[in-house]
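First up is the structure itself, then whatever we jot down about it.
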Amino acid sequence: MRRLVITFCGIYLAAAGLAALTTGWGLIEPVPHYRLAIFWMSPDTLAARIDVLLAANRVFEAQVYAGMHAVSWAVVLTLVLVGALRPLLGPSVPLANIRSTAIVMAGVAGLVVLSVLAQPLLDQASRIPSPTNALSSMPGYWLFGMALSAAITAGHLSLFAHDAVLAAKRRWMGEDLSAAA
């Protein structure tokens, strides 16, 4: 199961890298008038990034970003589904590292809270003239951050879903822990 998750995430990251490279120099060319957004999973962040790319007449990059956003969500949901179904298909043992999964999930929860609480401050800060926001306004930064975040989140959620379903299966079916080993 871990090998499957790692392979799936590796293929996804390679595909994300190739998709990002199709944008050419647009990958590292800052987008003018970009308003900083924190959390790629937020619909507001997607809308802000697509809107600013379209306003800059960078339609292809907007399409690549929107496509990678959809694929990123698909990767997360697919791996969670695979993780949840795997214990139902045969013998299995717990796989998730609870400490690292808790850290990742706490980080995601923290980003959700931060993105909601910080948005009014970021909106005000975007009105202040700045010499540059070059790194945060590069589509490559958005794409690679989204891809890495999706892969890490998907991997941890998949193993956690696996263990949660396995624990429920053992509890409800009375499966012996030593029988699966």
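The values are calculated or read from the model by the stated rules, or taken from the named source; none is laboratory data. Bear in mind that the values here come from a model prediction, so they are computed numbers and not experimental data. The protein model used for the area step is the full one, side chains on, heavy atoms only, and it has no ligands, DNA or RNA in it. Shrake-Rupley method; radii C 1.70, N 1.55, O 1.52, S 1.80 Å.
Quick notes on this structure:
- Accessible area of the chain belonging to carbon and sulfur atoms, whole % at 1.4 Å probe: 72 percent
- Solution diffusion estimate, µm²/s, Stokes-Einstein, the chain, Kirkwood Rh from C-alpha pairs, 4 °C, viscosity 1.567 mPa s: 72 µm²/s
- Radius of gyration (Cα atoms) of the range 12-89, expressed as a multiple of 2.2 N^0.38 Å: 1.31.
- Alpha-carbon centroid distance for the pair the range 16-38 / the range 65-89, whole angstrom: 24 Å
- Computed over all pairs of different Cα atoms, the Kirkwood value for the hydrodynamic radius of the range 30-133 is 16.6 Å.
- Taking all protein chains into account, the per residue accessible area for the chain stands at 57 Å² (1.4 Å probe).
- Expected 222 nm ellipticity per residue - DSSP helices of 4 or more, -39500 (n - 2.57), all of the chain, to 500: -24500 deg cm²/dmol
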